[in-house]
Amino acid sequence: MMRLEKRPQASQGFAYATPLLAVAATFFFGGLLFAALGKDPVEAIATIFWQPLFGEFAFYYRPQLLVKGAPLVLIAVGLSLGFKAGIWNIGAEGQYIVGAICGAAVGLACYPAQSALIFPAMVLAGALGGWLWAMIPAVLKVRFGTNEILVSLMLVYVAEQLLASMSLGLLKNPEGYGFPGSRNLQQYPSAHNAELIAGTGMHWGVVAALIAVIFAYVLLARHRLGFAIRVTGEAPRAARFSGVRPVRLVLFCLGTSGALAGLAGLFEVAGPAGQISIDFNVGYGFTAIIVAFLGRLHPIGIVLAGLLMALTYIGGDIAQSQMGLPAAAIQVFQGMLLFFLLAFDLLTHFRLRLGRTEAV
Amino acid sequence: MTPLLSLEGLTKAYPGVVANDNVSLAINPGEVHALLGENGAGKSTLVKMIYGLVKPDSGTMRMHGAPFAPPEPRAARAAGVGMVFQHFSLFDALSVAENIALGMENAPKLRDLSRQIKAVSDTYGLPLAPDHLVGDLSAGERQRVEIIRCLLQEPKLLIMDEPTSVLTPQEVEILFKTLRKLSQEGTSILYISHKLEEIRALCDSATVLRLGQVVGTCIPRETSAGDMAEMMVGKVLSVPSRANPEFGAELLSVTRLSLPPLSAFGMPLRDISFTLRAGEILGIGGVAGNGQDELLSALSGERRTPPGAIALEGADIGALEPNQRRALGVLAAPEERLGHAAVPNMSLTENAMLTGATRMGLEKNGFLNWGAAQDFAREIITAFDVRTPSAQNAARALSGGNLQKFVIGREVLQDPKVLIVNQPTWGVDASAAAAIRQALLDLATGGAAVIVISQDLDELMEISDRFAALNEGRLSEPRPAEGLSVEEIGMMMGGAHGMEVAHV
């Protein structure tokens with residue numbers, strides 16, 4: 001019989017080893033999955049992980065790593081603050097959409113005026129939009145004790161309807177021949193979130209993600225607010241005893257994660273996506289939840305996890321087009337990563353014992 | 001006479017600790033046998049083996065001379081062993097009879113069972129109504145439910161684990177009468193406790209355990225409490241003491257403090273008033289769950305109170321938050337160490353930061369100085385003899401007594417004006433408890449006002465200048481502790497909760 005025994009002290013070694021173990025197990029079982037689909041598992045995994053970085057067309061894919069990684073990291077860093085405190089914002093996708101709508105709306109309202117102030121105003125509006133959307137579950141939670149998981153998740157679907165309404169109505173391109181979708185911000189210099197260095201994928205969103213990572217790192221390691229977040233997640237009663245105000249913490253964590261998700265949406269709509277359209281959102285807000293946990297809710301870990309996740313996205317696309325792997329298989333592959341991470345995570349706090357069981 | 005139960009060379013080891021090492025003892029029919037020892041001496045492990053919850057690594061047990069090795073509690077019960085645990089396993093929302101039926105193998109119809117319960121409760125002087133909801137019962141009454149549940153199975157051996165820790169002195173009297181009657185009828189009782197006077201009053205013989213080994217046996221009636229304590233602890237204990245107390249100006253005053261309960265099962269605070277002078281120790285007794293946690297939360301600032309209810313040196317502090325009160329010198333140490341007073345998964349350094357940030361200058365403009373926090377943690381570890389490899393160890397990895405020393409030390413070393421502690425020595429071994437009490441006395445000598453909330457009356461009598469009792473959220477009028485009789489204390493604690501002492 002095997003049984004689990006709680007470690008007296010969490011294992012530092014396993015805390016760092018679990019992500020690697022999870023990746024290794026995902027390789028193995030993902031390989032089995034691809035083999036069962038009749039594909040060469042080694043080739044499939046190489047396509048996903050090798051091609052984007054070192055393959056023939058790496059010059060095209062490598063910048064994509066930053067383009068796709070930046071929103072994931074930006075959103076995940078915000079989410080990780082709340083997750084550490086046991087405040088579960090599951091609706092970053094909705095905050096991402098609303099941030100994009102608000103930011104784009106400011107830009108479109110100024111069209112066609114040119115000014116260096118337009119883009120900063122859009123950034124502010126994007127952050128504010130995401131923040132406001134996240135304040136809905138936050139205020140409902142502190143006022144009425146509603147569950148922020150459900151409210152924030154439901155608001156994603158509301159935001160999607162809002163997005164559709166905007167692309168078909170208020171923000172529709174008046175010169176777009178009736179097609180849904182807004183003007184393309186890429187063709188509006190004052191509002192365009194262009195690459196800072198051509199050909200690198202480096203845009204303002206990447207800069208914002210790095211700033212957010214540093215901010216979160218200092219906050220958690222050195223600041224009393226970060227300490228309050230960690231204590232609340234570990235022992236809510238001890239947190240109140242030490243002087244933490246739970247209401248403020250809920251507002252701060254949901255607000256910050258909402259604002260960062262809104263920023264991610266704005267940088268996306270003003271840059272790589274270019275316009276508000278019905279299918280603007282592609283699930284960054286949900287994938288960021290995986291990224292946050294894969295990165296152990298640690299800012300540096302989240303950077304690595306965000307890049308890894310971006311890699312599986314890009315590599316997954318290549319595998320789909322080159323090897324004909326179904327999209328669902330790629331999603332299962334990504335899901336495995338989180339599954340194994342959570343499974344191996346158990347070993348940080350428990351160890352396996354072999355031997356007979358004993359009734360206690 | 002063949003002993004009812006004899007244990008020979010029982011040994012049980014857990015990873016890193018030998019809980020029982022070659023333990024032997026014998027209990028005769030009708031004997032009340034005390035099992036005496038400090039926390040961690042191995043008493044619980046020993047009775048768990050008798051009750052079939054734990055299997056011994058080696059050694060044998062015999063019941064009436066026949067081998068006895070219960071693989072599970074059900075087998076032990078079938079062989080005539082009943083056990084009343086320290087913590088009850090009862091459902092609040094069910095009636096007494098329903099609760100008892102749940103624990104039985106073949107429960108009779110509820111009506112018949114109620115009649116049996118009534119019969120047993122009359123016979124043994126344990127007043128109890130079968131149709132009352134358990135949620136409405138006092139701790140003493142809940143214990144009676146557990147005892148009657150055992151007695152219905154007509155046990156030959158009844159194991160009682162620390163039964164008086166939740167009782168008022170009057171309820172203890174009722175319990176002892178019942179146990180004496182059972183013993184006269186031939187039921188053996190294995191009585192676990194560390195309260196020496198009780199054992200001297202009740203038990204026929206005693207086995208003393210220390211660090212898993214039997215260190216001696218004695219006949220309690222013929223042995224002094226001091227001698228038994230020495231056997232139990234292994235050394236002569238220094239009794240905490242202080243020079244003649246001198247009281248200064250009034251520091252804390254609580255005036256008509258009332259607070260609604262936090263939850264449906266919580267206890268409200270009702271109209272609590274008292275004052276506290278510098279250099280004074282106020283002992284607050286009472287059975288657990290009568291508002292102790294709530295009172296501490298109101299004083300520490302975890303819960304805000306109506307204006308005018310709590311004042312420090314004349315200034316209202318009822319609206320201040322915990323850290324604002326800490327800045328003024330009002331500190332507290334809650335009862336629950338893991339999860340309330342300390343964060344289990346965080347290091348001692350981080351736990352030192354938890355309450356020390358404001359007063360020890362560990363924080364500047366919101367930024368935390370971890371180096372200073374580590375120094376503070378080390379200072380606590382040295383001053384209070386906390387046994388830990390380093391300040392980086394998680395609070396969870398410390399033994400209960402060591403963590404308690406850390407928690408108390410953390411507040412004492414912050415030089416409080418007013419310190420409120422709840423159950424400061426709960427689960428702490430005797431020498432550590434003495435050290436903690438001495439620290440509280442020294443604090444008072446230094447001019448601080450101290451409130452000690454505890455269920456250990458001996459402790460309160462030892463260190464308090466005045467004594468009051470919490471009962472159903474009400475605080476009795478504080479009275480000078482010197483010269484209070486046990487009966488008076490019992491009445492302050494609510495007597496037997498409205499129950500007459502049964503005549504048997």
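The values are calculated or read from the model by the stated rules, or taken from the named source; none is laboratory data. Because the structure is predicted, anything quoted here is derived from the model rather than measured. Here the Cβ is made from the backbone with ideal geometry for all residues, glycine too, and neighbour counts use every protein chain on show.
Brief remarks follow.
- Index of the failed condition, B:Gly285 passing every other in (1) more than 26 Å from B:Thr445 (Cβ to Cβ); (2) among the small types (Gly, Ala, Ser); (3) more than 10 Å from every other protein chain (Cβ to nearest Cβ): (1)
- Residue selected from segment B:1-47 under the condition assigned to a helix (DSSP H, G or I) and modelled with pLDDT of 90 or more, by the criterion farthest from B:Leu190 (Cα to Cα): B:Leu46
- Filtered residues of segment B:319-342 (kept if farther than 17 Å from B:Ile451 by Cα, in a loop (DSSP other than H, G, I, E, B) and more than 7 Å from chain A (Cβ to nearest Cβ)): B:Ala319, B:Leu320, B:Arg337
- Only helices (runs of 4 or more DSSP H) whose full extent lies in segment B:55-153 are considered here, and the ones with at least 2 residues that are touching a Phe, Trp or Tyr at 6+ places or on another chain (Cβ under 8 Å) and within 14 Å of another protein chain (Cβ to nearest Cβ) are B:73-78.
- Pairs, first free of Cβ contacts under 8 Å to residues at least 60 places away in the same chain and surrounded by fewer than 19 Cβ atoms within 10 Å (Cβ to Cβ) in segment A:104-128, second in a helix (DSSP H, G or I) and of a type in the set (A, V, I, L, M), C-beta under 6 Å, six or more apart: A:Ala121/A:Val106
- Filter pass, B:Glu294 being within 30 Å of B:Arg142 (Cβ to Cβ), within 14 Å of chain A (Cβ to nearest Cβ), without any contact (Cβ under 8 Å) to a residue 24 or more places away in the chain and buried (at least 19 other Cβ atoms within 10 Å of the Cβ): no
- Of all residues in segment A:64-76, none are within 14 Å of chain B (Cβ to nearest Cβ), assigned to a helix (DSSP H, G or I) and within 30 Å of B:Pro344 (Cβ to Cβ).
- Number of positions in segment B:344-369 that are facing another protein chain (nearest Cβ under 10 Å), closer than 17 Å to B:Leu413 by Cβ and of a type in the set (Gly, Ala, Ser): 2
- Looking only at segment B:396-409, and only at residues there that are touching a residue at least 60 places away in the same chain (Cβ under 8 Å) and within 20 Å of B:Leu362 (Cα to Cα), the one that is farthest from the chain's Cα centre (by Cα): B:Phe406
- Among residues of segment A:260-303, those that are farther than 23 Å from A:Met135 by Cα, touching a Pro at 6+ places or on another chain (Cβ under 8 Å) and in a helix (DSSP H, G or I), counted: 2
- Criterion (acidic (Asp, Glu) and in the same structural domain as B:Ser485 (by TED's automatic domain parsing)) met by exactly one of B:Glu321, B:Glu350, B:Glu363: B:Glu321
- In the set (1) in a helix (DSSP H, G or I); (2) at positive phi; (3) acidic (Asp, Glu), the condition left unmet by B:Glu171 is number (2).
- A:Leu53 vs. criteria surrounded by fewer than 16 Cβ atoms within 10 Å (Cβ to Cβ), in a helix (DSSP H, G or I) and in contact (Cβ under 8 Å) with a residue 12 or more places away in the chain: yes
- Annotation: B:Thr355 fulfils all but one of (1) part of a loop (DSSP other than H, G, I, E, B); (2) under 31 Å from the mean Cα position of the chain (by Cα); (3) hydroxyl-bearing (Ser, Thr, Tyr); the unmet one is (1).
- Take the conditions (1) touching a Gly at 6+ places or on another chain (Cβ under 8 Å); (2) in contact (Cβ under 8 Å) with a residue 40 or more places away in the chain; (3) surrounded by 15 or more Cβ atoms within 10 Å (Cβ to Cβ); B:Met61 misses just one of them, which is (1).
- Count of segment B:373-401 residues which are closer than 17 Å to B:Val428 by Cβ, assigned to a loop (DSSP other than H, G, I, E, B) and more than 10 Å from chain A (Cβ to nearest Cβ): 6
- One residue from B:Ala449, B:Ala432, B:Ala391, B:Ala397 being touching a Leu at 6+ places or on another chain (Cβ under 6 Å), over 29 Å from B:Val254 (Cβ atoms) and crowded, with 18+ Cβ neighbours inside 10 Å: B:Ala391
- Selection from segment B:64-80 of residues that are more than 20 Å from B:Asn20 (Cα to Cα), among the hydrophobic types (A, V, I, L, M, F, W, C) and surrounded by 14 or more Cβ atoms within 10 Å (Cβ to Cβ): B:Ala75, B:Ala79
- Among (1) more than 30 Å from A:Arg62 (Cα to Cα); (2) of a type in the set (Val, Ile, Thr); (3) at pLDDT below 95 - the single one A:Thr200 does not satisfy: (1)
- Subset of segment B:263-291 (residues that are under 15 Å from B:Val330 (Cβ atoms) and without any contact (Cβ under 8 Å) to a residue 40 or more places away in the chain): B:Thr275
- Verdict on A:Gly199 being more than 14 Å from chain B (Cβ to nearest Cβ) and at positive phi: yes
- Taken over segment B:256-302, the criterion of being touching a helix residue (DSSP H, G or I) at 6+ places or on another chain (Cβ under 8 Å) and among the aliphatic types (A, V, I, L, M) is satisfied by B:Leu257, B:Leu259, B:Leu262, B:Met267, B:Leu269, B:Ile272, B:Ile281, B:Ile284, B:Val287, B:Ala288.
- Test for B:Ala383: is it surrounded by fewer than 18 Cβ atoms within 10 Å (Cβ to Cβ), without any contact (Cβ under 8 Å) to a residue 40 or more places away in the chain, outside the structural domain of B:Ile463 (by TED's automatic domain parsing) and in contact with a Gly (Cβ under 8 Å, 6 or more places away or on another chain): yes
- Residue tally, condition at pLDDT 95 or above and within 18 Å of A:Phe227 (Cβ to Cβ), over segment B:372-405: 6
- Given (1) touching a residue at least 60 places away in the same chain (Cβ under 8 Å); (2) in contact with a strand residue (DSSP E or B) (Cβ under 9 Å, 6 or more places away or on another chain), index of the condition B:Glu198 fails: (1)
- Residue that is farthest from the chain's Cα centre (by Cα), among those in segment B:116-140 that are acidic (Asp, Glu) and over 18 Å from B:Leu102 (Cα atoms): B:Asp122
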